[in-house]
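Since the structure comes first, as structure tokens, the remarks are kept for the end.
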Amino acid sequence: MSAVLSRTYRVIDGEESHALTVTWGEPFAASDIEWVCQVTFDEVGGSSRQFSSRGADAVQALYIGLCMAATELLTWPGEVCWIERDDDLGLPTSQFLRYLVDERAQRYRTSR
């Protein structure tokens, strides 16, 4: 996979924290009508996950990959942060997932 984007997040689990790097691959044509973007999650001291997003062109495949990564991070075990705690992770989220962002913020605001 040839990476076009990469970002490192911090996962806080109790008193411990560690890095989680998300990498988006360069979208490629799977057929005349479908493009694929591979997304990889590499957690320091943990596992690696990978999935593929698909779209009608390279831009849509990458955009869907960004949205899918946001969903994955919002439901990741532990508190995932980018710049600071309670941030929005700097990724697009589809409107129907907005409740996850709000629920996540409320959950970690009350647990400190």
Worksheet item: Taking only Cα atoms, what is the 0 to 90° angle, nearest 10, from helix 58-74's long axis to the longest principal axis of the chain?
Response: 20 degrees
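Rank the residues LEU73, LEU20 as a footprinting-exposure proxy: fewest other Cβ atoms within 10 Å of their Cβ go first. Present the calculation step by step, with values, prior to reporting the outcome.
Numbers: LEU73 23, LEU20 20.
Going from sparsest to densest Cβ surroundings: LEU20, LEU73.
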Worksheet item: Farthest toward the dipole's positive end in the chain, which of CYS81, TYR63, GLY14, given Cβ charges of +1 (Lys, Arg) and -1 (Asp, Glu) about the Cα centre?
Response: GLY14
Worksheet item: Helix 98-110: angle to the longest alpha-carbon principal axis of the chain, degrees 0 to 90, nearest 10?
Response: 20 degrees
Discussion item. Counting only GluC sites (Glu not before Pro) that sit in a DSSP loop (anything but H, G, I, E, B) with at most 14 other Cβ atoms within 10 Å, what is the longest stretch of the chain containing none of them?
Written reply: 35-83
Item to complete: Before rounding to the nearest 500, sum -39500 (n - 2.57) across all DSSP H runs of length at least 4 in the chain and divide by the residue total; then give [θ] at 222 nm in deg cm²/dmol.
Response: -9000 deg cm²/dmol
Worksheet item: Where in the range 25-63 does the amide nitrogen come within less than 13 Å of the point 7 Å from the Cα of GLU103, taken along Cα to Cβ?
Response: none
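Taking the Cα centre of the range 1-77 as origin, work out the dipole magnitude from +1 charges on Lys and Arg Cβ and -1 charges on Asp and Glu Cβ, in debye rounded to 20. Could you put the intermediate results ahead of the total?
Working: 4 positive and 10 negative charges, 18 e Å.
Its charge dipole is roughly 80 debye.
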Worksheet entry | Relative contact order, percent, the chain [alpha-carbon distance under 8 Å, six or more residues apart] | 20 percent
Response to the item:
Using eta = 0.692 mPa s and T = 37 °C, Stokes-Einstein with Kirkwood Rh from Cα pairs puts D for the chain, in µm² s⁻¹, at 224 µm²/s
Discussion item. Which of the three applies to the range 51-93, rounded, prolate or oblate, going by the alpha-carbon gyration tensor with a ≥ b ≥ c and a/c under 1.5 meaning rounded?
Written reply: prolate
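No value in this document is a laboratory result; all are computed from the given coordinates. Owing to the predicted nature of the structure, the values given are computational and were not obtained by experimental measurement. Counting neighbours? That spans all protein chains shown, and the Cβs are built from the backbone with ideal geometry, glycine included.
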